[in-house]
Amino acid sequence: MKNLKIVFILLALTFIIGSCKTKYVKDKPLVVEMIRPVSPGQNYVWLNDNWVFNRKNQTYTRRQGYWAIPKSKKNYQQGYWKTNKNGSHWVPGRWK
């Protein structure tokens with residue numbers, strides 16, 4: 001029973017560590033220009049499209065931008081593509 005617990009813990013750690021790795025792609029996905037909808041209110045800021053890695057087909061999938069109310073006293077830093085010798089990966093936007 002103790003050995004089974006150890007095996008389970010090792011498998012769980014392997015999964016967790018594997019899912020945290022940066023996901024690189026050879027080619028960045030094509031950017032599709034979208035028309036930004038009208039702001040729903042005066043205090044909203046636009047958060048540009050984001051890209052989410054799809055493990056099934058090893059590509060990035062576009063998640064459409066949206067309007068959001070800023071978090072208290074924080075600015076939104078838009079996401080961007082970063083490229084190095086391993087390929088390109090998406091650095092998600094965040095509130096700072």
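Brief remarks on what is shown
- Lone qualifier among I17, I35, I69 - being modelled with pLDDT under 75 and either loosely packed, with under 11 Cβ neighbours inside 10 Å or touching a helix residue (DSSP H, G or I) at 6+ places or on another chain (Cβ under 6 Å) (or both): I17
- Inter-residue pairs, beta-carbon under 9 Å, first within 21 Å of K82 (Cβ to Cβ) and in segment 45-58, second at pLDDT below 90 and of a type in the set (G, A, S), 6+ apart: R55/S19
- Each residue in segment 64-96 was checked for being more than 11 Å from D49 (Cα to Cα), in contact with a strand residue (DSSP E or B) (Cβ under 9 Å, 6 or more places away or on another chain) and not in a strand (DSSP E or B), and 6 pass.
- The set of residues from segment 40-77 being hydroxyl-bearing (S, T, Y) and closer than 20 Å to R94 by Cα comprises Y44, Y60, T61, Y66, S72, Y76.
The values are calculated or read from the model by the stated rules, or taken from the named source; none is laboratory data. Since we're looking at a predicted model, the values are computed, not measured. Note that each Cβ is placed from the backbone with ideal geometry, even for glycine, and that neighbours are counted across all protein chains shown.
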